[in-house]
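Accompanying notes for the structure given below.
The values are calculated or read from the model by the stated rules, or taken from the named source; none is laboratory data. It should be emphasised that the depicted structure is a prediction, and the values quoted were computed from it without experimental measurement. Glycine gets a Cβ as well: all are built from the backbone with ideal geometry, and neighbour counts include every protein chain shown. Accessible surface is based on the protein model in full, side chains and every heavy atom, while ligands, DNA and RNA are left aside. Shrake-Rupley method; radii C 1.70, N 1.55, O 1.52, S 1.80 Å.
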Amino acid sequence: MKLSTRIALAVGVTVPLLVIACGWLLLALVTRDLHREEDSHLRTRAAAIAQDARTLLRAAANNQPTAEENRQRRLFNSALDVGVRLIGPDGTFSGGPQPDASVALPAPGKQPVTVRGAGRSWRAYALPVEGAQVSGTLWVFSPDAASRAQLTLVRNRIVTTALLAAPLSALLAWAIASSATRPLRRLRRAAAGLDPRTTAVRLEHRRTRVAEVDDLAATLQTVLARYDEQAARTAQALDTARSFSAAASHELRNPLMSMGTNLDVLAHPDLPEGDRAEVVEDLRREHSRLLGMLVALRELGRGDLVEADAFRVLDVAEVADAAVAEARRRAPDAAITLHAEPAPVYGWEPGVRILLDNLLGNALAHGRDEAGRAEIAVAVGAGGGQVLITVDDRGPGIAPADRQEVFRRFHRGPASTGSGLGLTLVAQQAALHGGSVELGEAPGGRGTRCTVRLPGQDPAREGELPSRRDWLTVTAERSQSSHKEPS
């Protein structure tokens, strides 16, 4: 049922009820006022003829017929427009308009009462009459004006008005409600043609100055915007899953084939023990490489799909301390030093840990000197609204022409046995946190320095993420620099 119809029905039922209720209240007030006026008149007449009633009772008690007749005539003449009934020990005297003698009268009281008989109503007032050797009750009567035909006519007119008000008020309410809900119908027609699955057109709404309609339109626009956001995130998640599958199948095919060949070699019964040990060691390296690649692909996918609510304020110095402790455990022969000062950022703690773990892992793998020693210096500090992370090694360094190429997916040097994703993860996390990463020479001109700059704790950046997060889905040719947000 339409809203306008509901309003029309509600008004069509409510208005007649209100008319009847107000009419009945008006009748009750008028009836009360009429009774007050009648009662006041009855009291006045009763007080005026009380002395004549007392004299009549005395004449009746003294058995004086002539005096009794005269007093009775005087009493009735004094009563004027009210009926009189005097009840005494020696008889009852009545005259004027009053109910039949068969109508029972109530016990005398202080207030006038209504008595009914022969289809009529009367207002009656009793006044005790006391005197020397006489006593009785004087009743005065007047027709009940509150039950006259005029009030009955008013009642009928109230009912007629209520019956006419029902359809008229319903029609008027329907017209007003239809006009008031016209903006709502326009909004419904505009929203009915929207299909987020087939078109990118979204709800356009002009303010109608009807608060409920404008609020509903704003809510619909918010819902559609959230739908678009979730649809984009779902599409991104599907792209990430497809890319993960494609990258894994492509990058793992050759190592798995190589491991299969090695397993076939191990199955040869006449394989010398030295060759067998060499094949087993090769299998271990391939297994470690495959495991590292799968872990790196998983972390790359996590970085592409992380949501803003996972970010919080954290201290990079504390994360660096944990990462260095883990690196020392994995490589006890390496000399790893850490100089860290408090450096708060608004970031994703697992992402910052991934960044530091891969910086240290890359330095341990490629930053050893000719003798195989690894000397790594890690520094964390804050200043100028930035957090600066540096990792220095004493390895052979990276040629300037290759310092951007190493951030590409699956880029590996000729002698590398890694996954080719370590520095890609570093670049991804730096971009995810609104920062940057660059490679240069270590102090002293020997080795490599990796420098990561992250913005310091800034409330204005809270909840912001890069608009492009496609490190797992982009082609291998895209470099780290292509992920920088446009200024």
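Summary table
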| item | result |
| --- | --- |
| The listed residue being surrounded by 12 or more Cβ atoms within 10 Å (Cβ to Cβ) and in contact with a helix residue (DSSP H, G or I) (Cβ under 9 Å, 6 or more places away or on another chain), out of Arg123, Arg43, Arg54, Arg73 | Arg123 |
| Filter pass, Leu314 being modelled with pLDDT of 85 or more and either part of a helix (DSSP H, G or I) or surrounded by 13 or more Cβ atoms within 10 Å (Cβ to Cβ) (or both) | yes |
| Only one of Thr219, Thr240, Thr208 that is more than 30 Å from Leu17 (Cα to Cα) and at pLDDT 75 or above | Thr219 |
| Selected residue (criterion: nearest to Val140 (Cα to Cα)) from residues of segment 63-100 that are free of Cβ contacts under 8 Å to residues at least 24 places away in the same chain and among the hydrophobic types (A, V, I, L, M, F, W, C) | Phe76 |
| All positions within segment 294-309 that are open to solvent by 20 Å² or more (accessible area, probe 1.4 Å) and not in a helix (DSSP H, G or I) | Glu307 |
| Residue among Leu291, Leu283 that is hydrophobic (A, V, I, L, M, F, W, C) and either surrounded by 15 or more Cβ atoms within 10 Å (Cβ to Cβ) or in a loop (DSSP other than H, G, I, E, B) (or both) | Leu283 |
| Candidates Gly361, Gly447, filtered to the one that is more than 43 Å from the chain's Cα centre (by Cα), closer than 20 Å to Val295 by Cβ and modelled with pLDDT of 85 or more | Gly361 |
| Filtered residues of segment 349-358 (kept if at pLDDT 90 or above and either of a type in the set (Ser, Thr, Tyr) or crowded, with 23+ Cβ neighbours inside 10 Å (or both)) | Val352, Leu355, Leu356 |
| Residue selected from segment 8-62 under the condition without any contact (Cβ under 8 Å) to a residue 24 or more places away in the chain and among the small types (Gly, Ala, Ser), by the criterion farthest from Ser121 (Cα to Cα) | Ala59 |
| Qualifying residue in segment 403-413 (condition: free of Cβ contacts under 8 Å to residues at least 12 places away in the same chain, open to solvent by 20 Å² or more (accessible area, probe 1.4 Å) and assigned to a strand (DSSP E or B)) | no |
| Residue in segment 422-439 that is polar (S, T, N, Q), crowded, with 17+ Cβ neighbours inside 10 Å and modelled with pLDDT under 65 present | no |
| Flag for Leu338 being under 30 Å from Arg226 (Cα atoms) and either of a type outside the set (A, V, I, L, M) or open to solvent by 50 Å² or more (accessible area, probe 1.4 Å) (or both) | no |
| Single residue of Ala166, Ala200, Ala162 found to be open to solvent by less than 100 Å² (accessible area, probe 1.4 Å), assigned to a helix (DSSP H, G or I) and either at pLDDT below 75 or more than 30 Å from Ser121 (Cα to Cα) (or both) | Ala166 |
| Test set (1) acidic (Asp, Glu); (2) modelled with pLDDT under 90; (3) closer than 28 Å to Leu294 by Cα - Asp393 fails condition number | (2) |
| Count of segment 322-354 residues which are touching a residue at least 60 places away in the same chain (Cβ under 8 Å) and in a strand (DSSP E or B) | 4 |
| All positions within segment 12-40 that are open to solvent by less than 70 Å² (accessible area, probe 1.4 Å), in contact with a helix residue (DSSP H, G or I) (Cβ under 9 Å, 6 or more places away or on another chain) and hydrophobic (A, V, I, L, M, F, W, C) | Val15, Val19, Ile20, Leu27, Val30, Leu34 |
| Residue match in segment 372-383 (condition: part of a loop (DSSP other than H, G, I, E, B) and at pLDDT 90 or above) | no |
| Of all residues making up segment 450-462, the number that are at pLDDT below 85 and either open to solvent by 50 Å² or more (accessible area, probe 1.4 Å) or out of contact with any Phe, Trp or Tyr (no Cβ under 9 Å at 6 or more places or on another chain) (or both) | 6 |
